[in-house]
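The values are calculated or read from the model by the stated rules, or taken from the named source; none is laboratory data. Please read these numbers as outputs of a predicted model, since none were measured by experiment. All Cβ positions, glycine included, derive from the backbone under ideal geometry; neighbour counts span all protein chains shown.
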Amino acid sequence: MTREQLEHAIRASCDVTRDHDVWVFGSQAILGEHPDAPETLRQSAEADIAPRNFPERYELLDGALGELSLFHRTHGFYVHGIPIETATLPEGWEARAVAVSGRGSEPATGWCLESHDLTASKLVAFRQKDRAFVRTLMREGLVDPSTLIQRIGSLPVGAGEKSRLERWVRGTAT
């Protein structure tokens, strides 16, 4: 996915949900803070999006813009409508979200997770693809390991889980 495609997904999501703001919180949220992120981080054809002001309208997105929809077949990417509550996010993430409202998304605004918040959330899932994504972010210098460890410390998970994730970051960053 490119930044232009993300802006298109944001605009289309706002049109479908009749909301002028959406949360972008899957891997492609990295394009908010890093519009020219390496291609290895932009492999997904899916943008995880939730309406910000009308959260109950997330289900409208899959039907209109989801996988195998006309939108997907036409544009080559799609929107996965999902409640923001499905993501495990660090405390204060909302204040750090990065606004995307460029030429391709006006008057809609997509609020993309800040890179460290996105990375901490990806680590909670701890799937192979998420760990590879995080390794690339660290290798490319797009996230700072010490800031990431701070964000892990503010995740709403148990102390044991935080410790395990912090150890993984320290071991991977060296």
Q. Looking at the stretch 131-156, which of its residues are touching a residue at least 60 places away in the same chain (Cβ under 8 Å) and crowded, with 16+ Cβ neighbours inside 10 Å?
A. Phe133, Thr136, Leu137, Leu142, Arg151, Ile152, Leu155
**Q.** Residue check, Thr172 outside any loop (DSSP other than H, G, I, E, B) and under 23 Å from Pro38 (Cβ atoms)
**A.** yes
(Q) All but one of (1) at pLDDT below 95; (2) not assigned by TED's automatic domain parsing to the domain that holds Asp15 hold for Ala108; state the number of the condition that does not hold. (A) (2)
(Q) Would you confirm whether or not the stretch 86-102 contains a residue that is assigned to a loop (DSSP other than H, G, I, E, B), within 12 Å of the chain's Cα centre (by Cα) and small (Gly, Ala, Ser)? (A) yes
(Q) So, restricting to helices (runs of 4 or more DSSP H) that lie completely within the stretch 1-82, which ones have at least 1 residues that are hydroxyl-bearing (Ser, Thr, Tyr) and free of Cβ contacts under 8 Å to residues at least 12 places away in the same chain? (A) 70-75
Q | Top-ranked residue in the stretch 56-85 [being within 17 Å of the chain's Cα centre (by Cα) and small (Gly, Ala, Ser); ranked as nearest to Ile30 (Cα to Cα)] | A | Gly81
(Q) Looking at the structure I just gave you, is Lys122 without any contact (Cβ under 8 Å) to a residue 24 or more places away in the chain, within 16 Å of Ser27 (Cβ to Cβ) and either of a type outside the set (Val, Ile, Thr) or crowded, with 21+ Cβ neighbours inside 10 Å (or both)? (A) no
